[in-house]
Amino acid sequence: MTAGHDRLVELLKQLSYRRMRVTLASGRESDFYVDGKQTTLNAEGAWLVGNLIFDALPPGITGIGGLVVGADPIAAATAAVSFHRGRPIHAFLVRKEAKGHGTGRFVEGRESLPDGSKVCVVEDTVTTGGSLLKAVERCRAEGLDVVQTLTIVDREEGGAEAIRAAGVPFVALVRRAELEG
């Protein structure tokens with residue numbers, strides 16, 4: 001583990017992790033909640049996430065993004081860090097519904113990502129993997145080559161296994177056990 005990873009865990013505990021009853025996007029009930037956006041929208045959190053994700057990406061990745069809103073600050077932070085570090089990786093956004101006007105696209109940012117571009121699909125928190133897999137499906141339908149998925153926090157509730165079972169490599173920066181420890 002790196003100092004950056006350890007600091008990210010600290011920030012997640014401070015800003016994002018809460019013990020409370022909540023219904024998750026998957027419909028499941030839980031006794032804890034991870035609001036990853038509280039960390040990824042924090043200046044230090046964005047810097048840490050951008051650097052840690054950049055370091056976790058395989059060679060050849062030219063794009064990073066996922067479903068709005070959770071993936072947006074992750075993709076933007078990683079894109080900014082990638083440019084600073086001399087290997088530009090462009091951000092993209094995957095809409096939950098097709099745009100009802102203009103281009104009607106599900107995926108925004110394609111001007112920087114031609115068909116066949118190798119991309120990583122990201123999410124702030126994974127439970128069942130459903131949102132991440134939905135974004136993967138939309139990216140593939142738009143001609144992007146999804147070669148990796150990545151989350152800030154894996155809730156360790158089956159999402160990683162579901163994503164890998166769909167044939168997509170999966171990486172988690174932080175696991176539930178690290179937040180509860």
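The values are calculated or read from the model by the stated rules, or taken from the named source; none is laboratory data. Since we're looking at a predicted model, the values are computed, not measured. Because the Cβ atoms are built from the backbone with ideal geometry, glycine has one as well, and the counts that use them run over all protein chains shown.
Numbers at a glance
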read-out: Some residue of the range 33-44 being closer than 18 Å to A172 by Cα, at pLDDT below 95 and among the hydroxyl-bearing types (S, T, Y); value: yes
read-out: Among the candidates V121, V107, V171, residue that is of a type in the set (A, V, I, L, M) and touching a Phe, Trp or Tyr at 6+ places or on another chain (Cβ under 7 Å); value: V107
read-out: Qualifying residue in the range 58-66 (condition: touching a residue at least 24 places away in the same chain (Cβ under 8 Å) and farther than 19 Å from V94 by Cβ); value: yes
